[in-house]
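Quick notes on the structure that follows.
The values are calculated or read from the model by the stated rules, or taken from the named source; none is laboratory data. Source: prediction; values computed, not measured. Here the Cβ is made from the backbone with ideal geometry for all residues, glycine too, and neighbour counts use every protein chain on show.
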Amino acid sequence: MRKKSSVSVASKAKPASTQPDSPTVGPGSGPELLTVKETSQYLRIPLPTVYYLVQRGQLPAVQIGGRWRVKRESLDRDILRKEEEGQPTALVLDDDPAIQDLFKVFLRKIGFSRIIVGTAAEALSALHKQRFDIMFLDLQLPDGTGDEVYAAAKEIDPDLSIVIATGYPDSDILDRILSRGPVTVLKKPLTLEGLIRTARLHGHDRTPIRAISRCAEELPA
């Protein structure tokens, strides 16, 4: 039975007393609750991007008197520190050059290092050489099928998170994979927000906030 997962990325701080605006805010100093403008200065990202991220729950914020306030302590703990913890690594197996290009752009923008290959043999070779945090797997391949690669990958690394990226979610190949247990299915066409939600669903919530901000204007409102 297929199970549909939903992910909530909103995080709100508890309301506190407001603080007066200050012209500049740096790490370790300034008010505990930051205005949107102060948050922009603190993270060094554009002001419209801060509004965008706050409204989508990707920054810890609370509304006070109809205005957004962001808790600086939460930024220090949950945002800036995570940017220093290193990049997760993704393996992508898809033989479509256009899809490969999309993954290259999306994974770079959300802060993943990546290896992108077009055959099952290349993917299994990569899995033998290093460990990956997550794998994106197409179902139709030139030298095998997705369920065969899925089984082989799980033998190499039983703990590997594997996401099926396909435009055919009702295929027999996917049914055979699902017979082994629950699996995340990412339906094509791919979107940045979909990739971010999928990464967080699998425990990779370290997506750098500045990486998200660089591509915020590319996302639909």
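For segment 156-168, the condition of being in the same structural domain as residue 199 (by TED's automatic domain parsing), out of contact with any helix residue (DSSP H, G or I) (no Cβ under 7 Å at 6 or more places or on another chain) and more than 18 Å from residue 184 (Cα to Cα) holds for none of the residues.
Restricting attention to segment 57-76, the residues that are surrounded by fewer than 16 Cβ atoms within 10 Å (Cβ to Cβ) and not in a strand (DSSP E or B) total 5.
The residue pairs whose first member lies in segment 83-110 and is of a type in the set (Asp, Glu) and surrounded by 15 or more Cβ atoms within 10 Å (Cβ to Cβ), whose second member is at pLDDT below 90 and not in a helix (DSSP H, G or I), and whose beta carbons are closer than 6 Å, counting only pairs six or more residues apart or on different chains, are 83/208.
If the condition is being part of a loop (DSSP other than H, G, I, E, B) and crowded, with 16+ Cβ neighbours inside 10 Å, then segment 169-179 contributes only 171.
The criterion of being assigned by TED's automatic domain parsing to the domain that holds residue 186, closer than 26 Å to residue 192 by Cβ and either in a strand (DSSP E or B) or at pLDDT 90 or above (or both) does not hold for residue 108. Scanning segment 111-149 for residues being assigned to a strand (DSSP E or B), touching a Lys or Arg at 6+ places or on another chain (Cβ under 8 Å) and closer than 14 Å to residue 199 by Cα gives a total of 1. Residue under question is residue 182, and the condition is that it be loosely packed, with under 13 Cβ neighbours inside 10 Å and not basic (Lys, Arg); does it hold? Answer is yes for this residue.
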